[in-house]
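Just below is one structure, and these are the notes that go with it.
The values are calculated or read from the model by the stated rules, or taken from the named source; none is laboratory data. None of the values given here were measured: they were computed from a predicted structure. As a convention, Cβ positions derive from the backbone with ideal geometry for all residues, glycine included, and neighbour counts pool all protein chains shown. Quick note on the areas: whole protein, heavy atoms, side chains included, nothing else; ligands and nucleic acids left out. Shrake-Rupley method; radii C 1.70, N 1.55, O 1.52, S 1.80 Å.
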Amino acid sequence: MLKNTFQERTHVIRFVFALGALVLLGRSFHLQMLDTPYIKKAERFGRYYTTIYPSRGLMLDRDGKLLVQNDPMYDITVIYNDVKEMDTLKLCKLLGMNKQTFEENLNKDFDTDHRFTRYKPFVFLNKVSAATYAKFQESQYQFPGFQAELRNVRTYYYQCGAHVLGYISEVDERQVARSDYYDDGDYIGESGLEKEYEEELRGQRGKQYFTRDNMGRIVGSYKDGKLDQIAISGKNLVTALDIELQQYGEQLMQNKSGSIVAIEPSTGEILAFISSPSYSPNMLRISRGRGQAFARLQADTLKPLFNRALNAQYPPGSTFKPLMSLIALKEKAIWSGTGIECYGYYTYKNKRYGCRPHREPITNLARALQYSCNSYYWRAFRNVVDKKSNAPDGVDNWAAYVRSFGLGKPLGIDIEGEKGGNVPDAATYNKIYNDFAWGAPTVMSLAIGQGELQVTPIQLANMAAILANRGHYYTPHITKGFVENDTLYPLKNYEKQVTLLTDADHYKAVIRGMELVIENTNSAITDVSFCGKTGTVENPHGKDHSTFVGFAPKDNPKIAIAVYVENSGYGSTYARPISSLMVEKYLKGKIEGEENSPRKRLEKKMLETNLVN
């Protein structure tokens, strides 16, 4: 009886053990084969990947000169669980840090900060130079758990073009959250062409997967590398810039505030895009001292970070008169032979509006442009407005013409943030005068590019290109295209021609006047028919602004240009000479003449003049 009882108990115990074993096996099967979250968790722990960063696309000028290249920089990463006893002071010395920084960089709050885990690599020290990495690499075997990850950062070959080329920076939390591409620590184009063409330039990151054991140690490649992804380099960008012209323009604008924009009229390609004051683009390359450099630039009262060529909005002054001429001719408010008897002022209802004295009578439109006769253009403007039955309709008609020439609205240049300027219309003046009866005389400052009319330098340069082309333009753009397998693929979205007022006789008269503006001045270029118009812009905050628009040669123009020099006086004093030097440099490759020739002396004066101190 006792024996039977013992046997029964033995069977029960065996059954319990067997049942327990089955339960454990079942649970194990469920966790490993059926429970997806645990499977994924185990898989995540059992493998990890390193990112292989691609080379960012290079930038070149129109002749293939390298503008922006990549330089190696390194992130030192660490897997906390792999760190063993080591010479901490030696590592600190190699990496240029103190013991406190070492502790802060290594010991993270792993329990609450989900960005860090003890068994996955995280960035211990970023922005390590190639020289520092080389010293670290020699002794890396002494520091278990520490690795180096190659990053490519930008270096700018020429110390110019900062506002055009732009810069890259580390992504912030907002950029990571709204993107399925970027991770913490990635770099992204922050301004200029770097930002505009980020997707093309950045390339595609690669990944290399590894298998880890239960201690988090790497034991080999994951699935024999079947999941590995190679990095794809970014596309190389070819700009339209002539880097030598860009350099020269920045030298001419040194110690001056303003801008220069030069365009190839036949394509809309931007040859030079200068905002002054500027800064070396290498000041904002990824490095340890970048934050301090950026703070200095932000604190500078001359605003070197502000892109005047794209965003400064000024009255065009008398550079607007060629366009005003075309509008008046189109509306039959004047004809090319229309003259005026100017006494140095314009009179309306016993009120005088001043005009500059002229050496010769204003016998036609060309002479009016040559001598920039305000009286002539006030009368032309009144005639245009009075063609309609009332002043508001007349001003709206005038405004429509002006906007058609690309003024008062963004042109669509391939840099983000372009301002539009302002072309006032009837609604503008109804608001200003609160329905007070106003007419052409009330707003006739518009005729000479003053009043509420505001434009940007890029718009002025485009207007010069329209005049050069006798009535059409291509949207200004800085990029020619991208190179793939040694083949240039041009951008298609800038090939469309925009056609405007194209009456050949109208342009003939206007361009003759612009030619006379340059003849027999210090801005005339030997063997080059240079056409242009100066402007002296009234400035309520200080000295007048000097401005100029022009193109050359007269026939089959190769360059159209706009120059704006703030607080510098007459248009003929600085803007016109700087324009002529830029044109000669582009067309001839140099400023011709002996060392003490008039052109060389002019160049020396423009280079040495300091208008900001």
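When a 1.4 Å probe is rolled over the protein heavy atoms, the share of accessible surface on the chain that falls to carbon and sulfur comes to 49 percent.
Distance between the 7 Å Cα→Cβ label points at ASP503 and ALA299: 5.9 nm.
Taking the average, over residues, of other Cβ atoms within 10 Å as the packing measure, peptides 408-416, 436-444, 234-242 rank 234-242, 408-416, 436-444 from highest down.
Partner lysines whose Cα lies under 20 Å from the Cα of LYS496, excluding those fewer than 8 positions away in the same chain, are identified as LYS409, LYS480, LYS558. Between the helical axis of 391-404 and the longest alpha-carbon principal axis of the chain there is an angle of about 60 degrees. Looking at region 452-528, the GluC sites (Glu not before Pro) that sit in a DSSP loop and have at most 15 other Cβ atoms within 10 Å of their own Cβ are GLU452, GLU495, GLU519. Given +1 at the Cβ of Lys and Arg, -1 at the Cβ of Asp and Glu and no other charges, the dipole of the chain around its Cα centre is 460 debye to the nearest 20. Each peptide in 108-116, 528-536 was scored by the mean count of other Cβ atoms within 10 Å over its residues; highest first, the order is 528-536, 108-116.
Listed by chain and number, the lysines whose alpha-carbon sits under 29 Å from that of LYS93, ignoring those within fewer than 8 places in the same chain, are LYS84, LYS108, LYS120, LYS127, LYS135. Taking Cβ atoms as reference points and 15 Å as the exclusive limit, the residues near PRO540 contribute a net charge of -3, counting Lys and Arg as +1 and Asp and Glu as -1. Peptides 284-290, 262-268, 367-373 ranked from most to least packed give 367-373, 262-268, 284-290, packing being the mean of other C-beta atoms within 10 angstrom over each peptide's residues. Here region 113-143 and region 559-604 have alpha carbon centers that stand 53 Å from each other. Taking the longest Cα principal axis of the chain as reference, the axis of helix 457-469 is set at about 60 degrees. Cross-link partners for LYS543 among the aspartates and glutamates, with Cα-Cα distance under 13 Å and sequence neighbours closer than 8 places in the same chain left out: GLU566.
Roughly what % of Cα-Cα distances in the chain sit above 45 Å, to the whole percent?
Result for the distance tail: 38 percent.
In the context of the full set of protein chains, region 371-529 has a per residue accessible area of 41 Å² (1.4 Å probe). The H on the amide N of SER221, modeled in the peptide plane, is under 5 Å from the matching H of THR211, each at least 5 residues off or on a different chain. The residue among SER169, CYS342, ILE432 whose Cα reaches farthest toward the positive pole of the charge dipole of the chain, with charges on the beta-carbon of Lys, Arg, Asp and Glu, is ILE432. Place a label point 7 angstrom from the Cα of THR88 along the Cα-to-Cβ direction, then list the residues of region 101-134 whose backbone nitrogen is under 14 Å away. Hits in region 101-134 for THR88 at 14 Å: 101-108.
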